[in-house]
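Please read the structure below before turning to the comments.
The values are calculated or read from the model by the stated rules, or taken from the named source; none is laboratory data. Every value quoted in this text rests on a predicted model; they were computed, and no experiment measured them. Neighbour counts are summed over all protein chains in view; Cβ atoms, including those assigned to glycine, are modelled from backbone coordinates with ideal geometry.
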Amino acid sequence: MDDNINRLNQFYEKNMTVLNPKSNVIEGIEQIKEHVQKSDFVPVDFRILNSKNQQIFMNFVKTLPKSAQEKFIIMR
C-alpha cells in the first residue's frame, strides 16, 4: 500500500508542477481549474498526499479568486 501511495504522490507532484511543452500548461492545474468552474464545491482528499504535495496544492489555491478558493473542501 505504501508503494502505491508513494507513486501517487510522485505522479501528483509531476502533474502539478511540470509544464507540458506541447500545450504550454501545467496539466494538473488546468484540470482543477476546469473542475472549479463547473462545480459548486470541489472535495480534495489530503489523507494520502504527503506534506510537500499538500503545500503545492495550497499554494495553487492561493492564486485563485476568493470565490474559487471557497469551493474547496479539504478532507484530512
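Here's the yes/no breakdown for (1) in a helix (DSSP H, G or I); (2) within 12 Å of the chain's Cα centre (by Cα):
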position	(1), (2)
4	yes, no
14	yes, yes
23	no, no
31	yes, yes
37	yes, no
60	yes, yes
**OP:** All but one of (1) in a helix (DSSP H, G or I); (2) surrounded by fewer than 16 Cβ atoms within 10 Å (Cβ to Cβ); (3) modelled with pLDDT under 95 hold for residue 52, so report the exception by its number.
**Re:** (3)
Original post:
In segment 69-76, is there at least one residue being without any contact (Cβ under 8 Å) to a residue 24 or more places away in the chain and in contact with a helix residue (DSSP H, G or I) (Cβ under 9 Å, 6 or more places away or on another chain)?
Top reply: yes
**OP:** From (1) under 18 Å from residue 76 (Cα atoms); (2) at pLDDT 95 or above, pick out the condition that doesn't hold for residue 9.
**Re:** (2)
Original post:
Considering segment 8-29 alone, what residues qualify as being out of contact with any strand residue (DSSP E or B) (no Cβ under 8 Å at 6 or more places or on another chain), exposed (fewer than 13 other Cβ atoms within 10 Å of the Cβ) and of a type outside the set (Gly, Ala, Ser)?
Top reply: 10, 11, 14, 21, 22, 24
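Conditions tested, residue by residue: (1) touching a Ser or Thr at 6+ places or on another chain (Cβ under 8 Å); (2) more than 21 Å from residue 7 (Cβ to Cβ); (3) β-branched (Val, Ile, Thr).
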site: 19; (1), (2), (3): no, yes, no
site: 23; (1), (2), (3): no, yes, no
site: 29; (1), (2), (3): no, no, yes
site: 32; (1), (2), (3): no, no, yes
site: 35; (1), (2), (3): no, yes, no
site: 40; (1), (2), (3): no, yes, no
site: 71; (1), (2), (3): yes, yes, no
**OP:** Exactly one condition in (1) surrounded by 11 or more Cβ atoms within 10 Å (Cβ to Cβ); (2) in contact with a strand residue (DSSP E or B) (Cβ under 9 Å, 6 or more places away or on another chain) is not met by residue 47; state its number.
**Re:** (1)
Original post:
Taking segment 39-49 as the search range and keeping residues that are hydrophobic (A, V, I, L, M, F, W, C) and in a loop (DSSP other than H, G, I, E, B), which one is modelled with the lowest pLDDT?
Top reply: 48
